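Following: one structure in structure tokens, then a few remarks.
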Amino acid sequence: MWKNTEEKFGLISKLFHWLSAVTVFSMFGVGFWMVDLTYYSQWYKTAPHWHESVGVLLFIVTILRLIWRLISFQPKAIASHSLQVKQASKIAHIGLYLLLFVLMSSGFLMSSADGRSIEVFNWFSVGGLGDLLENQEDLAGLVHEYSAYILITLSLLHGAAAVKHHLIDKDETLSRMLK
């Protein structure tokens, strides 16, 4: 039940997957909303604080998720999937992880360019690296913005592919992550 089997993902993998998915889509929505906040908004300081805090926690969860993926048994690919589908799935998953790390790293570089630490919900601090590059905050901001759009697009394609497998191919792709 907790661990993966040859046929499906266990509860730990499912929790990592769905927690990450909900967090990524929520963070995208909040980030999209935050860019229009003005200095006079009551959320001007609170929203970025929460966004940064959740981003750091998502980074920790993603590291734990990768460790879990490395030490746990992975379900076999579904036999009816073609070689191209299996390769596309592998590439998409690698892309999702890479984009997550690009997004989180650029967010960290943007938020800590002034040398300040990131206070994670006032529970603990993550020390900033300071200004490593000229215009670091702006460059990291651009990388953060575009990687967020690419991550959301790839995540939507990932979800659409799972639904396609469920409704059209009638295979177990989606149900292995739901049941």
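By a 1.4 Å probe calculation restricted to protein chains, Ile63 has an accessible surface near 60 Å², given to the nearest 10.
Its Cα gyration tensor gives the chain an equivalent ellipsoid; the semi-axes, largest first and in whole Å, are 34, 17, 15.
Largest accessible area first, the residues Ile150, Ile60 order themselves as Ile150, Ile60 under a 1.4 Å probe with ligands, DNA and RNA left out. Sorted largest first by accessible area at a 1.4 angstrom probe radius, with every protein chain in place, the residues Thr38, Thr5 fall in the order Thr38, Thr5.
Counting only residues at least eight positions apart within a chain, or on another chain, the lysines with an alpha carbon under 30 Å from that of Lys8 are Lys76, Lys86, Lys90, Lys164, Lys170, Lys179. With the simple model of a label 7 Å out from the Cα in the direction of the Cβ, Lys90 to Thr38 spans 5.3 nm. Taking the chain as a Gaussian network, Cα atoms linked when under 10 Å apart, which of Ala161, Ala47, Ala79 shows the biggest mean-square fluctuation? It is Ala79. Two tests apply to each whole DSSP H helix in the chain, Cα reach of 15 Å or more along its axis and mean Kyte-Doolittle hydropathy of at least 1.0, and the ones passing both are 11-34, 46-71, 83-111. Using heavy atoms of the protein chains and a probe of 1.4 Å, the accessible area assigned to Val85 is about 50 Å². Quick check: at a probe of 1.4 Å, how many percent of the accessible area of segment 46-179 sits on carbon and sulfur atoms? With neighbouring chains kept in place, the figure for segment 46-179 is 69 percent. The mean accessible area for residues of the chain, using a 1.4 Å probe and ignoring ligands and nucleic acids, is 65 Å² per residue.
Residues Phe16, Phe59, sorted by accessible area with the largest first, give Phe59, Phe16 [1.4 Å probe; ligands and nucleic acids excluded]. Where a Cα-Cα gap under 15 Å defines reach, which aspartates and glutamates qualify for Lys14, not counting those fewer than 8 residues away within the same chain? Reachable aspartates and glutamates: Glu6, Glu172. The slack in the chain from Gln74 to Lys8, taken as 0.36 nm per residue of separation less the alpha-carbon distance, amounts to 22.9 nm.
Working from label points 7 Å from Cα in the Cα-to-Cβ sense, the Trp123 to Thr23 distance is 1.0 nm.
The values are calculated or read from the model by the stated rules, or taken from the named source; none is laboratory data. Note that the coordinates shown come from a computational prediction; the quantities given were computed from them, not determined experimentally. Glycine also receives a Cβ, built like all others from the backbone with ideal geometry; neighbour counts cover every protein chain displayed. To get the accessible areas, we keep the full protein, side chains included, count just its heavy atoms, and leave off ligands, DNA and RNA. Shrake-Rupley method; radii C 1.70, N 1.55, O 1.52, S 1.80 Å.
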